[in-house]
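What follows draws every value from the coordinates through simple rules; no lab data is involved. On a predicted model such as this, the values are computed, not experimentally measured, just so you know. We place every Cβ from the backbone using ideal geometry, glycine too, and count neighbours over all the protein chains shown.
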Amino acid sequence: MKRLIISFLGVLLFSMNASAQNELSLEVKGVCKNSGIIKVSIFNNERSYKEKDIYKSFESKTYSDIISIPLTLPDGEYLFSIFQDSNENGVLDTRMLGIPKERVGFTNYDGKSIPGNFKKHKVLVNENTKRIIVNLYKI
């Protein structure tokens, strides 16, 4: 009986560690204060990003030029795609050739070129990750 309890506790501890949840902060910079809403999409792998199969999404009011959003995510690699929906119509408005009219940002993106693939923009989330910063750009 003692072995059974110890084995059960070992499996329980292993499964808790395997699905570790990390509390962190998403910091969005370059926001136009009091202008629409921030729309955040999180992708957790290459396929989900290519197929626009969003892992998590949420919105935030634009109460400041820097928005800080608390998050809880399991260990893994993630890509954050964000835009400021200035007119609150629910979509990213674009010009000809798909160039955004509204502010956009991705993790590991400098706003100087066309955004790349998941590998280029992914960030690692683990117990050491406390903050992820995404800058919004007017392209």
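Before moving on, here are some points about what is shown:
- The chain, relative contact order in percent, only Cα pairs under 8 angstrom and at least six apart counted: 30
- Each Lys or Arg adds one and each Asp or Glu subtracts one; over the other residues with Cβ under 15 Å from the Cβ of Ala20, this totals -3.
- Proximal charge balance of Lys52 [Cβ under 15 Å; K/R count +1, D/E count -1]: +1
- Restricting the calculation to Cα atoms, every distinct pair contributes to the Kirkwood radius of the chain, found to be 16.5 Å.
- Listing Glu88, Glu27, Glu102 from fewest to most neighbouring C-beta atoms within 10 Å gives Glu88, Glu27, Glu102.
- Sum of -39500 (n - 2.57) over DSSP H runs of 4+, divided by residues of the chain (222 nm, nearest 500): -5000 deg cm²/dmol
- Spacing of the two label points (7 Å from each Cα toward its C-beta) at Glu88 and Arg47, in nm: 3.8
- Placing +1 on the Cβ of every Lys and Arg and -1 on the Cβ of every Asp and Glu, with nothing else charged, gives the stretch 67-130 a dipole about its Cα centre of roughly 300 debye.
- Taking θ as phi - 60° and the Karplus parameters 6.51, -1.76 and 1.60, the scalar couplings of the stretch 64-74 work out to 8, 7, 10, 10, 10, 10, x, 9, 10, 9, x Hz in sequence order, x denoting glycine and proline.
- Between the stretch 114-128 and the stretch 45-99, the C-alpha centres lie 14 angstrom from each other.
- Net charge dipole size for the chain [Lys, Arg +1 and Asp, Glu -1 on Cβ; Debye, nearest 20]: 220
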